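For reference, the structure is listed below as structure tokens.
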Amino acid sequence: MSNNGNNGKKGNNGNNESHAGGSEPVLRIRDLKKTYMQGRIPVHALDGVSFDVRKGELLSIVGPSGSGKSTLISMIGLLDRPTDGSVFIDDVEITKAKESEAPRIRREKIGFVFQHFNLLSTLTAMENVDIAMRFTGTSKNKRNERAFELLTMVGLGDRVKHKPSELSGGQQQRVAIARALANEPAILLADEPTGAVDTKTREVIVELLKGLSEKGQTIIVVTHDMDVARQTDRIITMRDGRIASDTVKGIEENEYEKRYDLQN
Amino acid sequence: MFDLIIRSLTQRKMRTGLTVFGIALGIFAVVVMGGMSEHLSTTYDKSIKLLAADIMVQPDGSGTLDESKIRQIKRVPGVKDAYGALYTPLDPEQSGGGFGLSDLVCGILPEKQIKDLKLTSGRYLVPGDEYKAVVGSSIAQKFNLKVGDELEIKSKRMKSSSSISHTRNVTVVGIQEYSGTMFDSFVSMPLDAAQRFYKMENTVSFIYAEPAPGTDSSLLAKRIDLSVEKVKSRSPAQLRKDVEGEIVFISLITISAAILAAIIGGLSVMNTMLMSVSERTKEFGLLKALGAERKNILFMTMGEAALMGIIGGISGIVAGGIITYLLNKSFEAQGSALFAITPRLVVIGLLFAISLGVICGTYPAYRATKMSPMEALRYE
């Protein structure tokens with residue numbers, strides 16, 4: 001398995017604000033470090049990672065196992081704390097947030113999509129979307145309305161009463177995406193969203209994510225699958241806890257689209 | 001959030017059912033055992049209240065007292081009056097058996113009847129009555145007696161064979177109302193007639209001494225013990241203390257057995273909850289990733305445990321209530337109840353069940369809040 005040949009700048013320090021113009025960054029990561037102790041040996045899971053993500057960007061993070069992708073995404077999702085460095089979402093430094101504030105930040109700023117969907121098997125599609133809004137104090141009517149709207153948007157308007165066991169993998173993942181969007185998060189974090197589905201379903205999910213991105217949803221996808229990564233605006237390749245390359249295709253959007261169309 | 005708790009419990013019907021059953025069984029034991037000691041203590045409590053302020057003098061050791069002791073006691077300074085009473089089992093074949101209060105024939109002086117015990121029909125004993133009796137409500141029910149009916153009393157001579165050597169009818173002249181005391185199981189008849197029938201002339205079981213006004217009954221009881229040979233006196237306070245001590249002792253045995261059962265029920269809640277929490281590692285991790293607060297997760301897990309406690313508690317109390325009701329019914333046919341399910345007992349049972357659920361749910365709940373969202377993120 002060869003990585004993409006683009007071995008750009010290595011161990012880049014400083015900012016990657018390489019995009020001309022564009023909107024304010026939704027996410028800013030500055031010199032993020034995470035060191036685990038494996039017995040007595042320190043392991044640098046993240047070793048000085050910095051980059052920005054603009055609103056509406058569809059970004060994929062790729063890299064071999066152990067390159068630090070998961071660590072990175074758990075820092076952004078406030079599931080883990082860095083050893084050093086900062087993560088800003090909407091100009092708020094979430095890495096400085098107290099432990100008690102973490103749940104609120106998670107539900108307001110982040111929407112998670114997991115490889116294995118992680119729907120609650122006892123609940124219907126509707127209730128699975130609803131549960132994400134329960135912790136926000138939204139009224140039941142509003143929650144139902146929003147859940148139905150989201151499920152319709154992901155093309156499951158006729159499946160709202162189905163339990164996960166009655167849905168295909170792709171449908172389950174779409175419920176999970178609807179759930180992740182429920183609280184209008186600043187960032188949608190998708191961790192191997194196509195890792196457990198077949199190639200046909202993969203395309204459906206990627207198309208869905210692309211559509212969301214076009215509507216202005218910021219999305220970060222962690223993936224092993226280069227076919228998925230190639231369809232995103234920007235690819236960050238991780239290696240040994242650092243950014244090995246950061247390729248923005250969006251600069252030549254037209255050219256990219258042409259190329260994409262040709263491939264089809 | 002409550003619907004999620006229900007969902008989670010109904011999802012695992014078998015396990016939830018068994019756990020609830022465990023608690024119900026424990027609380028059932030608490031209710032039944034507790035009901036027994038509650039009944040005992042209320043009965044004795046009411047009985048003692050009826051005995052007024054008299055000092056009870058009984059033989060030091062077993063046996064009976066000679067009536068000459070009455071005269072001796074009357075001479076003790078501070079004693080206003082003294083009188084004897086003779087107690088014998090109504091059915092000599094069945095004396096002193098079982099838990100309940102046994103039926104007794106009570107020979108008393110008509111003028112010393114406890115008039116606090118109201119009659120539902122008929123009259124009290126009057127001097128000059130011979131083989132006449134006032135019966136307690138349990139006796140009346142058991143033998144289906146009305147005023148004017150005859151009740152057979154039996155006496156068994158000590159030295160002869162086990163056959164009943166002597167029977168005789170007494171006429172019921174009055175029926176007492178239900179008092180929830182041991183007097184419900186009494187057949188009261190004039191002392192002299194009782195002594196004659198039982199061939200126990202000049203003999204009494206107990207002597208009651210009335211203190212003169214202004215006399216301390218505890219001190220007087222001691223004085224009687226010092227002045228009269230081979231007797232043991234107990235003031236009302238002392239009597240109450242002794243009885244309470246006995247009841248506490250009985251209660252302690254029954255209740256601790258019951259609590260043991262309930263704790264086992266509690267442990268089963270804990271086990272179920274621990275299992276359920278570790279099974280749902282992913283679910284709790286997910287809820288955290290979705291932004292659930294600690295309190296949300298605590299509420300869900302503790303709620304589950306508490307709900308099992310409540311359901312188990314209520315079923316235990318209801319089952320205990322039904323069983324004791326049925327048992328009481330069947331014992332009532334024989335004249336006496338055995339259990340009293342007091343409101344206090346119901347509250348204790350329910351609180352015990354809930355706190356058992358909550359306490360045993362605390363550690364599993366704590367474990368649930370410690371679940372890392374990362375687990376949910378990565379592992380299948």
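Contact residues in the stretch B:272-290 by the 10 Å² criterion (accessible area, 1.4 Å probe, full protein complex versus chain alone): B:Lys282, B:Glu283, B:Leu286, B:Leu287, B:Lys288, B:Ala289, B:Leu290.
Just need the relative contact order of chain A here, percent rounded to a whole number, with Cα pairs under 8 Å and 6+ apart. Dividing the mean separation by the residue count of chain A yields 27 percent. Residues whose amide H falls under 5 Å from that of A:Val113, counting only those 5 or more places apart or on a different chain, are A:Leu189, A:Ala190, A:Asp191, with hydrogens built in the peptide plane.
Regarding the protein assembly as shown, what is the average projected area of its C-alpha convex hull, in nm²?
44.3
Using only DSSP helix segments of four residues or longer, with each worth -39500 (n - 2.57), what per-residue ellipticity at 222 nm results for chain B after dividing by its residue count and rounding to 500?
-18500 deg cm²/dmol
Computed packing ranks the peptides B:5-11, B:132-138 as B:132-138, B:5-11, most packed first, by mean other Cβ atoms within 10 Å. Packing, taken as the mean count of other beta carbons within 10 Å per residue, orders the peptides B:178-191, B:304-317, B:347-360 from highest to lowest as B:304-317, B:178-191, B:347-360. For the stretch B:86-206, the solvent-accessible area of protein heavy atoms averages 49 Å² per residue (probe radius 1.4 Å; ligands and nucleic acids excluded). Simple point charges give the picture: +1 on the Cβ of Lys and Arg, -1 on the Cβ of Asp and Glu, and for the stretch B:214-364 a dipole about the Cα centre of about 200 debye. Sequentially through the stretch B:320-328, phi angles give Karplus couplings (6.51, -1.76, 1.60; θ = phi - 60°) of x, x, 5, 4, 5, 4, 5, 4, 4 Hz, Gly and Pro residues having no value and appearing as x. Once the C-beta distance of B:Tyr87 and B:Lys46 is scaled by a Förster radius of 22 Å, the resulting FRET efficiency is 0.75 to the nearest 0.05. Site pair A:Ser65 and B:Lys232 shows an inter-label distance of 8.3 nm when each label is modelled 7 Å from Cα along Cα→Cβ.
Applied to the stretch B:193-199, the Karplus parametrisation 6.51 cos²θ - 1.76 cosθ + 1.60 on θ = phi - 60° returns per-residue 3J(HN,Hα) values of 5, 4, 4, 5, 5, 8, 6 Hz, with x for Gly and Pro.
Under Stokes-Einstein, with the Kirkwood radius over Cα pairs as Rh, the value for the stretch B:86-206 at 4 °C and 1.567 mPa s is 90 µm²/s.
At a 1.4 Å probe, what is the % contribution of carbon and sulfur to the accessible area of chain A?
47
Electrostatic tally near A:Leu32: other residues with Cβ closer than 10 Å to its Cβ, Lys and Arg +1, Asp and Glu -1, net 0.
Only one residue of B:Cys106, B:Ala85, B:Val57 has its Cα farthest out toward the positive end of the dipole of chain B, where Lys and Arg carry +1 and Asp and Glu -1 on Cβ, and that residue is B:Val57. So what's the gap between the Cα centers of the stretch B:43-67 and the stretch B:104-161, to the nearest angstrom? Between the Cα centre of the stretch B:43-67 and that of the stretch B:104-161, the gap is 19 Å. Relative contact order of chain B: 30 percent, from C-alpha pairs under 8 Å at least 6 residues apart in sequence.
Only the Cβ atoms of Lys and Arg (+1) and of Asp and Glu (-1) were treated as charged; on that basis the dipole of the protein assembly as shown about its Cα centre amounts to roughly 780 debye. Charge tally around B:Thr301: other residues with Cβ under 10 Å, Lys/Arg +1 each, Asp/Glu -1 each, net +1. For chain B, the fraction of 1.4 Å probe accessible surface lying on carbon and sulfur atoms is 61 percent. Between amide H atoms placed 1.01 Å from N, distances below 5 Å from A:Arg239 occur with A:Ala244, all of them 5 or more places distant or on a separate chain.
Size descriptors for chain B (Cα atoms only): Rg and Dmax, in that order, 29.5, 97 Å. The A-B contact accounts for roughly 2400 square angstrom of buried accessible surface, both chains included, probe 1.4 angstrom. Placing R0 at 41 angstrom, the Cβ-Cβ distance between A:Thr247 and A:Met37 gives a FRET efficiency of 0.75 after rounding to 0.05. Residues of the stretch A:100-116 whose accessible area (probe 1.4 Å, heavy atoms of protein chains only) drops by at least 30 Å² once all protein chains are present, relative to their chain alone: A:Pro103, A:Arg106, A:Arg107, A:Phe112, A:Phe114, A:His116. Applying a length cut-off of 20 Å (Cα extent along the axis) and a mean Kyte-Doolittle floor of -1.0 to the DSSP H helices of chain A leaves A:199-214. Net charge dipole, the stretch B:86-206: roughly 220 debye, given to the nearest 20, about the Cα centre with Cβ charges of +1 for Lys and Arg and -1 for Asp and Glu.
The values are calculated or read from the model by the stated rules, or taken from the named source; none is laboratory data. All of these numbers come straight from a predicted model, not from anything done at the bench. Virtual Cβ from ideal backbone geometry, glycine too; neighbours counted across all protein chains shown. Quick note on the areas: whole protein, heavy atoms, side chains included, nothing else; ligands and nucleic acids left out. Shrake-Rupley method; radii C 1.70, N 1.55, O 1.52, S 1.80 Å.
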